[in-house]
Amino acid sequence: MIRWIRKKILLNGPWAFDKHLLVTGDYVGHIQPSKVRLDHSSFWVQVFDLPLGMMGASTAEFIGNKLGTYEGYDSKGSKVSWGKFLRIRVNLKLNFPLKRVMKLFVEGAVCSVYFKYECLPTFCYFCGLISHADRDKFFCWFEFKTHYV
Ligand SMILES: [Zn+2]
């Protein structure tokens, strides 16, 4: 029963508390708690505006590995996804900004695809990091320091 609950918690994330990301990870008995890296989390990412011929596993893996570490995609039992979007499970590094758009080259033409992240916790609209949110301000101090200091 505990293993089932553990698996359900790790696989069905991301989890949030008060709209802030709750990062979970596997417990490894020989690693010190201070050395446990909690800097990544798995998300379902919806990819919109993909050509129908690219709504399959190879595209899901390519885009997933560009965003982070590809973990799988939701095919609903079919080899090709026929919905409005391709749903990819990706393990994202939290110290990198979320990507909103990606340009793909398809048959010699540029194709822009758009991402929606399911169950997205609070994040900064300016720099795209999940680690902080500055909704009450009109700029991101982190982005300001990166570009101007
Ligand atoms: Zn920011």
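In a reduced charge model with +1 at each Lys and Arg Cβ and -1 at each Asp and Glu Cβ, the chain shows a dipole moment near 300 debye about its Cα centre.
Which chymotrypsin sites (Phe, Trp or Tyr not before Pro) in the range 1-34 sit in a loop by DSSP (not H, G, I, E or B) and have at most 10 other Cβ atoms within 10 Å of their own Cβ?
Tyr27
Sites counted here are GluC sites (Glu not before Pro) in a DSSP loop (not H, G, I, E or B) having no more than 14 other Cβ atoms within 10 Å; the longest part of the chain that contains none of them is 1-106. Working from the alpha-carbon coordinates of the range 30-76, get Rg over Rh, Rh being the Kirkwood radius. That ratio equals 1.16. Sorting 91-100, 31-40, 122-131 by average packing, meaning the other beta carbons within 10 Å per residue, from highest down gives 122-131, 91-100, 31-40. As a ratio to 2.2 N^0.38 Å, the alpha-carbon radius of gyration for the range 56-133 is 1.18. Sites listed here are chymotrypsin sites (Phe, Trp or Tyr not before Pro) in the range 28-111 whose DSSP assignment is loop and whose Cβ has at most 14 other Cβ atoms within 10 Å: Trp82. Taking a cut-off of 24 Å, what percent of all Cα-Cα pairs in the chain are separated by more than that? Of all Cα-Cα pairs in the chain, 43 percent lie more than 24 Å apart. Here's the picture: charge each Lys and Arg Cβ at +1 and each Asp and Glu Cβ at -1 in the chain, and of Phe142, Ala57, Phe123 the one pushed furthest to the positive end of that dipole is Ala57.
All of the numbers you see were taken from the coordinates with simple rules; none came from a lab. Here the structure is a predicted model, which means the values were calculated and not measured. Neighbour counts are summed over all protein chains in view; Cβ atoms, including those assigned to glycine, are modelled from backbone coordinates with ideal geometry.
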